[in-house]
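Worksheet: the structure to be examined is printed underneath.
The values are calculated or read from the model by the stated rules, or taken from the named source; none is laboratory data. Just so it is clear, the model here is predicted, and its values are computed rather than measured. A quick note on method: Cβ atoms are made from the backbone with ideal geometry, for glycine too, and the neighbour counts reach across all protein chains shown. Side chains included, ligands, DNA and RNA excluded: accessible areas come from the protein's heavy atoms. Shrake-Rupley method; radii C 1.70, N 1.55, O 1.52, S 1.80 Å.
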Amino acid sequence: MSPDKLVRMANQIATFFHSQPGQDQAERVAGHLKDFWGPEMREELKVYAQKGHDKDLDVLVRRALPMI
Amino acid sequence: MKDFIIPWDDDRDLGTPAKTGAPVTLSVDGVEVTVPAGTSVMRAAALAGIGVPKLCATDSLEAFGSCRLCVVEIEGRRGTPASCTTPVAPGMVVRTQSEKVKKIRRGVMELYISDHPLDCLTCAANGDCELQDMAGAVGLRDVRYEAPENAALANHVTPRNTSGEANPLWQAKDESNPYFTYDPSKCIVCNRCVRACEEVQGTFALTIEGRGFDSRVKAGGPLDDFLSSDCVSCGACVQACPTATLQEKSVIELGTPERSVITTCAYCGVGCSFKAELNGDELVRMVPHKHGEANRGHSCVKGRFAWGYASHPDRILHPMIRDSIDEPWREVSWEEAIGFAAARLRGLQEKHGRKSIGVITSSRCTNEETFLVQKLARGVFLNNNTDTCARVCHSPTGYGLGQAFGTSAGTQNFDSVEQSDVVLVIGANPTDGHPVFGSRLKKRLRQGAKLIVIDPRRIDLVKTPHVEAAHHLALRPGTNVAVVTAMAHVIVTEGLYDEAFIRERCDWDEFQEYAAFVSDPRHAPEAVEALTGVPAEELRATARTFATGGNGAIYYGLGVTEHSQGSTTVMGIANLAMLTGNIGREGVGVNPLRGQNNVQGSCDMGSFPHELPGYRHVKNADVRAIFEQAWGVEIDPEPGLRINNMLDAATSGQFKGLYCQGEDILQSDPDTRHVAAGLAAMECVIVHDLFLNETANYAHVFLPGSTFLEKDGTFTNAERRINRVRRVMAPRNGYADWEITQLLANAMGAGWSYAHPSEIMAEIAATTPGFANVNYEMLEERGSVQWPCNDDTPDGSPIMHVDGFVRGKGRFMITEYVATEERTGPRFPLLLTTGRILSQYNVGAQTRRTENTVWHQEDVLEIHPHDAETRGITEGDWVKLASRSGETSLRATLTDRVSPGVVYTTFHHPGTQANVITTDFSDWATNCPEYKVTAVQVSPSNGPTAWQEDYEDRARRARRVLPAAE
Ligand code: SF4
Ligand code: SF4
Ligand code: SF4
Ligand code: FES
């Protein structure tokens, strides 16, 4: 998948959970990614982040990455 | 007293509709009978087994009392009252036969027959005519009316009198409607058709023109025929007509049917029950089944009439294969096609891994077929690469309602609308998309329920005969969340919420957080007005109407889900229902109107890559264990690929093979070029469908499918109702679809041995708690059942969340508005939104192959006159519609149904390629594509674009079939 799309989709999820109350938003982003994204897509996202692009990613996505 | 239990397939006409009053006992011809107060004497007699002759009465319509054939004598009453309009009274003694009433009846019949052609033997209704039956029943033996001396007998029957002059009373047959004819010479002016059009369909297309002897039925205004009138061809009038005046053309051509089979419409999510009426295995007509609980004897033009596609010459009946997509197709045997497909798929898995292939299940196929297709992925391919076109329509419903209530289905049955006081329709167009529900809704609105419409476009419901929306919020496409949250703001800040309900049924702490969130002034109608385009005062009034108007029901459609915030809007809708205490009883609820006939079922059956049948996530080991035990395989605990991921993975070379049943993803999925590129990159695309659809242009194997008339199974409609589909004729392609999937699975080593879909249902019931008590014997007995149906709810569940939410406490979710990234700007200043129309269905593969095309030959672009004027566009012009993704051309029509800044089109025709323009933005939670908002520009053009012509050309080449080898 194109990195743009991957990033956009991940950030869209983070945007939703930003608005949710509580302290566990990063966990919930991780939960959503694990529930709905296949392992290949999660891997692609991690690889993308590791390549030093993680500033494109929402802070919640960055915090969720180690959990997925 | 007699036992009045009526088996569900008894469809005698009892003359007048059922009533629900307290029991009243009376005697009819010496038989004692107890009926609800308000019942007519005619119906009471019928229930006692005594038929009173009648012509103007039928039990789908309120009594009218015009023919006077149904007169009876009642002890202690003077005269001979009409039994259809006389309500029962306690202790009443009725006599249906006496010299007096017999004489009256014969006199009435004589009058009718004197102005009726006596061509019974050659009449299309011969044997199926109530006038004929009644003439027999009253013992009519001669007609004594004679022409006055020196003049012809005035009649409507003969075109010319004996001296050859034209008879001014005679009118020619109206054959303008493609499916039925109107022959005024046979009309007895019983008014049944007019009332059916008003009471049942709610279109008010018919009137009685003229008075007394001169009166005749008229469709539309003075210059109209049926086709040009407002008639929507639902056929209710044809069904109600007691004579051959309104008659199906298929009956005229083929004769009256001699047997019937009850089955379910395969078009939309209403799931109407029909009697398929046949001669041998030739279908003569479809008549909506009176005891069908979804439709209660009504239907729309698609289900009743648009079944001709089943025998259309375009239908493919033999399997075909080809090595590459630039070769022509080769017709081969089933064995060869299945062997070819199986070998390719297995080969791909060996070379590129277990996860390199997948399936797409269909929302048009049966539950049993869908179950098998996902089982093929999980149990034979050993991956979770299964998805369904429901992804592109209602996946946000699954997610949103699952979060709020704990289950992802509509909460009501369709009957529930009869108890609603305020109906909120948001992002749905029931009269076009779910016509029979639309008619039932309109009926309730005519009785006084209030209507609120939230839609960028002025849908028909906003103003239609005898119905007018109390509020229409014509919001800017893409601002649903802002509007719904602003409604909640008004309800909370004005203290209109149902505190008792919330305390009892929902999580109070979550409610507090939610209340604080929506109360923030930035969610006030005044604050969002500039964004949504909805006047604040109007929005406030709407919220008040909904919160304080009594039973409030919400119905929504794809205008809610197909957005980047689709799931959030669904949650917002659930919030509104909980806030106002509108959940868990009749007349209220949250009701997604599903698009295709079995969207609900395909979701229930585990078509999504992350969940097994019954909405249970694949990560749950206990759920996997159930299927692992049943199937003897190990189930992958990780979610598989969704349609768009499959296509992406194909483009990047990891995904190679697809089995696509009954879906045309190339036409129905967004961003056509992206889909085409993905398909083109695969090495084995298997299309299993009735026609060489657009996706088949990229296929290597074509497996011809069977129609709903040719197989057994079940569909689950939008109210969770499991309806039987019954085989009425042998599959013309040789196999039912479930058999074809089984052949493919077995060729890959599965060893399945289903002999009948009932065995597949048994497996579904054994593995899926909500279906535990569902089986074919039960469906045979009861007709249909709404899931969950198990030991807790053995009779099924017409209404959900009655005593508590499935998840325990209802959950309020924070719904922050986030603007879609799809924004208008100088290059693309208009917003395109899409929809559908009544006569066509979805990608149109079926309806385009029927006479329904008379109503919709092409997709057109609706544009506001202001926007048109500034662009120099006039009515009927070809225009170019361009977005960031692509461009296409179609004709424009100028209308103020859409607001300035918004344009609208349908996507029923492949030539239009509306999805060339839609982008690949999608819902944040489910990736349901954002069909409903695309920034576009419209400019004059002089015909189809290069892409369209090019596409046509490629499609033609891709569809070549080699002549069969000797
Ligand atoms: S077909 Fe339906 S809409 Fe048309 S006139 Fe008859 S009842 Fe009315
Ligand atoms: S067309 Fe049929 S239903 Fe209508 S008034 Fe004439 S006979 Fe009655
Ligand atoms: S298309 Fe829908 S409303 Fe029309 S007959 Fe079929 S199920 Fe009923
Ligand atoms: S059937 Fe009662 S008046 Fe016609």
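Miscellaneous remarks
- Calculated mean residue ellipticity, 222 nm, the protein assembly as shown: -8500 deg cm²/dmol, from DSSP H runs (n ≥ 4) at -39500 (n - 2.57) each, averaged per residue and rounded to 500.
- With a Förster radius of 25 Å applied to the beta-carbon distance between residue B:617 and residue B:504, the computed FRET efficiency rounds to 0.30.
- With a 1.4 Å probe rolled over the protein heavy atoms of all chains, the accessible area of B:34, B:919, B:122 falls in the order B:122, B:34, B:919, largest first.
- Cα-based radius of gyration for the stretch B:395-592, normalised by 2.2 N^0.38 Å, reads 0.93.
- The shape of the stretch B:738-838 comes out oblate: with a ≥ b ≥ c from the C-alpha gyration tensor, a/c is at least 1.5 while a/b does not beat b/c.
- 10 Å Cβ neighbours from other chains, averaged over peptide B:630-641: 2
- Computed FRET value (nearest 0.05) for residue B:22 with residue B:111, which takes r as the C-beta separation and R₀ as 30 Å: 0.15
- With DNA, RNA and ligands ignored, accessible area of residue B:231 (1.4 Å probe; Å², nearest 10): 20 Å²
- Given charges at beta-carbon only (K, R positive; D, E negative), |dipole| of chain A in Debye: 100 debye
- Taking the Cα centre of the protein assembly as shown as origin and assigning +1 to Lys and Arg Cβ atoms and -1 to Asp and Glu Cβ atoms, the resulting dipole is close to 780 debye.
- Unit charges on C-beta of K, R, D, E only; dipole of chain B, Debye: 1060 debye
- Relative to the longest principal axis of the Cα atoms of chain B, the long axis of helix B:435-446 makes an angle of roughly 60 degrees.
- DSSP-defined beta bridges in chain B - what % are antiparallel, rounded to 5: 60 percent
- Between the C-alpha center of the stretch B:518-542 and that of the stretch B:752-778 there is a gap of 50 Å.
- Ligands, DNA and RNA aside, residue B:848 has an accessible area near 60 Å² when probed at 1.4 Å.
- Neighbouring partner chain Cβ atoms per residue of A:7-17, average, 10 Å criterion: 4
- Neighbourhood net charge (12 Å Cβ-Cβ; Lys/Arg +1, Asp/Glu -1) for residue B:120: -2
- Cross-linked pairs B:19/B:100; B:249/B:442; A:5/B:932; B:249/B:275; B:375/B:619: Cα-Cα separations exceed 23 Å for B:19/B:100; B:249/B:442.
- In chain B, the portion of solvent-accessible area held by carbon and sulfur atoms comes to 50 percent [1.4 Å probe, whole percent, DNA, RNA and ligands not counted].
- Ordering B:219, B:278, B:191 by Cα displacement along the dipole of the stretch B:180-311 toward the positive end leaves B:191 in first place; charges were set at the Cβ atoms of Lys, Arg (+1) and Asp, Glu (-1).
- Cα centroid of the stretch B:180-243 to Cα centroid of the stretch B:634-693, whole Å: 48 Å
- Peptides B:410-419, B:789-798 ranked from most to least packed, by the mean per-residue count of other Cβ atoms within 10 Å: B:410-419, B:789-798.
- Solvent-accessible surface of the stretch B:830-958, taken per residue with a 1.4 Å probe and all protein chains present: 34 Å².
- Buried surface between chains B and A: roughly 2300 Å² of accessible area, summed over both sides, computed with a 1.4 Å probe on protein heavy atoms only.
- An ellipsoid equivalent to chain B, defined through the eigenvalues of its Cα gyration tensor, has semi-axes of 47, 34, 31 Å when rounded to whole angstrom and sorted largest first.
- 10 Å Cβ neighbours from other chains, averaged over peptide B:924-935: 2
- Neighbour net charge for residue B:801 - beta-carbon separation under 13 angstrom, K R +1, D E -1: +3
- Secondary structure note: in the stretch B:830-958, about 60% of the DSSP beta bridges are antiparallel.
- Accessible-area rank, largest first, for B:100, B:355, B:275: B:100, B:355, B:275, with all protein chains present and a 1.4 angstrom probe.
- Distance from the C-alpha centroid of the stretch B:85-149 to that of the stretch A:14-40: 73 Å, rounded to the whole angstrom.
- Report note on the peptides B:189-198, B:522-531: ranked by the mean count of other C-beta atoms within 10 Å, highest first, their order is B:189-198, B:522-531.
- Local charge for residue B:529 was computed over the other residues whose Cβ lies under 13 Å away, with Lys and Arg +1 and Asp and Glu -1, and equals 0.
- The overall shape of the stretch B:830-958, judged from the alpha-carbon gyration tensor, is rounded, with an a/c ratio under 1.5.
- Where only C-alpha atoms are counted, convex hull volume of the stretch B:75-144 per residue in Å³: 119 Å³
- For the stretch B:580-732, the Kirkwood hydrodynamic radius comes to 18.1 Å, computed from all pairs of different C-alpha atoms.
- Kirkwood Rh and Cα Rg combined as Rg/Rh, the protein assembly as shown: 0.98
- Farthest positive-ward along the protein assembly as shown dipole, Cα basis, beta-carbon charges - from B:96, B:493, B:232: B:96
- Beta bridge orientation in the protein assembly as shown: antiparallel %, DSSP, nearest 5: 60 percent
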